[in-house]
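This report refers to the structure that appears directly beneath it.
The values are calculated or read from the model by the stated rules, or taken from the named source; none is laboratory data. Nothing here was measured: the structure is a model prediction, and the numbers come from that model. As a convention, Cβ positions derive from the backbone with ideal geometry for all residues, glycine included, and neighbour counts pool all protein chains shown. Note: areas computed on protein heavy atoms with side chains; ligands, DNA, RNA excluded. Shrake-Rupley method; radii C 1.70, N 1.55, O 1.52, S 1.80 Å.
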4 protein chains.
Amino acid sequence: MATYPEIIETPYPFQHLLGFQIVEWTPELVEIHLPLHEALGNRYGIPHGGVHATLLDTAMGFAGCFTGSQENTRQAMTLSLNVNYLSRPKGETLIATGRKIGGGNRTFFAEAEIRDETGELIATSSGTFRYRSA
Amino acid sequence: MATYPEIIETPYPFQHLLGFQIVEWTPELVEIHLPLHEALGNRYGIPHGGVHATLLDTAMGFAGCFTGSQENTRQAMTLSLNVNYLSRPKGETLIATGRKIGGGNRTFFAEAEIRDETGELIATSSGTFRYRSA
Amino acid sequence: MATYPEIIETPYPFQHLLGFQIVEWTPELVEIHLPLHEALGNRYGIPHGGVHATLLDTAMGFAGCFTGSQENTRQAMTLSLNVNYLSRPKGETLIATGRKIGGGNRTFFAEAEIRDETGELIATSSGTFRYRSA
Amino acid sequence: MATYPEIIETPYPFQHLLGFQIVEWTPELVEIHLPLHEALGNRYGIPHGGVHATLLDTAMGFAGCFTGSQENTRQAMTLSLNVNYLSRPKGETLIATGRKIGGGNRTFFAEAEIRDETGELIATSSGTFRYRSA
């Protein structure tokens, strides 16, 4: 449950296509859930690495753009994304959590990780982002 | 057109979901095409960074797994993926090209880039992969 | 002070050149200290980014090679290193801490960060490594 | 030999400590040479990964800061650095080449690689940088 449920936006197209939900968006944390389903499978029948990258990039980008307001939004573009693939899911839901760890008024740094509901650490990431001009 | 058209596999689920095609898979190069469509859009209406990551990861993974044979396939898992986002597409198709640049019999290194049909350089990547045991 | 002081090795040449010390090496954590001095300065008179990369790579590599024994050592090679530069030091000592976060018997994943003695977060990193054959 | 030898600066402290030379700095390319010597050795007696990171970061940073003038310099800070370690040197000199591949007036993207004089590809990198305010 989001601490600021009123700022959770309507899913955008790619979010809708993959089926993930932004369940928490606070100054400290972004949390995203994605129930696994067959359409996310790669050549080996396990979730494609692009799925993880999508969730991690999203969690980090939102983490740097929190304002707490629907009118006064902040926007950012990813400059660089690094993803490490540690394990494959044992459960049925990917849970990505992201947080901003530094930066200024032009660029920011963030980290994120993906676990499943069993706690298995599946992927980690870091990223650099730049704010879009208002 | 693929130099080895007979080894191009049936699209797997996530490939089908996004709509990309592996149009070339040779010892030197993998090329993937993705016609842009609305369902790939992010919060700002441009292709989500996860789309780029998906194409780049795929192009690099395939680049390290070429065997030229449908019976004797090779499989790999991504260890680490680094993506740089340089520009946004001016055209209507994302064209990813990947190639293996080093490694041994356990791990390999690859690079890839995405341009559109106008030649605009949109994203670059590098990755480390490990071969799956037979 | 190291929990396992007896396994702290004699500084190797590059370690001696830069002047860093491995002050802790346990199953959970590696900690490295580097007193800042002029010879580490870049074109702008602040520590060169290669200094941070050196400490982070070292902290992560050692973190994956702990055995607790001087006779039975483990060795690893870096496959991929990602470093994010968040801030510049306000204090006089770089303090790098690294830990292993996953992997198997062939490869491992690690994370590290650098703070100074004021607590300022200066750089973060992740890396993938492969174990050298015995 | 540099195309613009007059803009090659006096080595800064860390450059002097490691012993590398910027031998070319043009709008298209930066080339750096480092004769290998014992003081660069790691725990295994081969060049420490931090040495490669230093050269790659330097080559990329300079690549984005070319102005062709000694009076009107441009300065940049590394945001993110990704290094892949492909092989170890067979020769006696590390040769790093870097080039800018994109960006705008606030941030830029660059790539670099290290070979030795035998042509062996030893390491590759990409990085994101931000320009320092004048």
Mean per-residue count of partner chain Cβ within 10 Å for C:50-62 equals 5
Please compute the volume of the convex hull spanned by the alpha-carbon atoms of the range B:1-70 and report it per residue in Å³.
83
State the percentage of accessible surface on the protein assembly as shown attributable to carbon and sulfur atoms; use a 1.4 Å probe and exclude ligands, DNA and RNA.
47
Filter the GluC sites (Glu not before Pro) in the range C:94-134 to those in DSSP coil with at most 16 other Cβ atoms within 10 Å of their Cβ, and list the result.
C:E117, C:E120
Per residue Cα convex hull volume for chain B, in cubic angstrom?
107
For a quick check, take a GNM of chain A with Cα springs below 10 Å and name the residue from A:A112, A:A96, A:A53 with the largest mean-square fluctuation.
A:A53
Going 7 Å from Cα along the Cα-Cβ axis for the label, what nanometre distances separate D:V23 from the same residue across the other copies?
4.1, 4.1, 5.8
Heavy-atom accessible area of B:Y85, protein chains in place, probe 1.4 angstrom, given in Å² to nearest 10, is 30
So what's the gap between the Cα centers of the range B:28-74 and the range D:17-80, to the nearest angstrom?
33
Suppose you put the label 7 Å out from Cα in the Cβ direction; list, shortest first and in nm with one decimal, how far D:T93 is from each other copy's label.
4.1, 4.5, 6.0
Please compute how much accessible surface disappears when D pairs with A, both sides summed, using a 1.4 Å probe, and round it to the nearest 100 Å².
700
With a 1.4 Å probe and all protein chains in place, put D:R99, B:R130 in order of accessible area, largest first.
D:R99, B:R130
What figure, in Å² to the nearest 10, do you get for the accessible area of B:H52 with a 1.4 Å probe and non-protein molecules left out?
10
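Considering only chain A, what is the antiparallel percent among its DSSP beta bridges, to the nearest 5?
About 100 percent, rounded to the nearest 5.
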Only protein chains counted, 1.4 angstrom probe. Which residues of the range D:8-41 are at least 20 Å² less accessible in the assembly than when their chain is isolated?
D:E9, D:Y12, D:P13, D:F14, D:L17, D:A39, D:G41
Using a 7 Å offset from Cα along the direction of the beta-carbon, what are the separations from B:N72 to the same position in each other copy, nm, ascending?
4.0, 6.0, 6.5
Residue-normalised value, i.e. accessible area per residue, for the range C:1-117 at 1.4 Å probe, in Å², stands at 42
Just to be sure I understand the interface: list residues from the range D:70-99 that lose 50 Å² or more of accessible area between the chain on its own and the complete protein assembly, 1.4 Å probe.
D:L79, D:S80, D:L81, D:N82, D:N84, D:Y85, D:L86
In degrees, nearest 10, the alpha-carbon axis of helix D:49-63 is tilted away from the dominant principal axis of the alpha carbons of chain D by 20
Counting pairs of alpha carbon atoms under 8 Å apart in space and at least six apart in sequence, what relative contact order in percent does the range D:74-113 give?
28
Those GluC sites (Glu not before Pro) in the range C:27-99 that DSSP places in a loop and that have at most 15 other beta carbons within 10 Å
C:E28, C:E71, C:E92
Between the range B:120-134 and the range B:83-111, what is the C-alpha centre distance in whole Å?
6
At a threshold of 8 angstrom on Cα-Cα distance, excluding pairs fewer than six apart, so keeping six or more, what relative contact order does chain D reach in percent?
24
For chain C, with a Gaussian network of springs between Cα atoms less than 10 Å apart, report the residue from C:N82, C:N42, C:N72 with the top mean-square fluctuation.
C:N72
Select the chain A residue whose beta carbon lies nearest to the rotation axis carrying chain A onto chain D, and write the distance in whole Å.
A:S80, 2
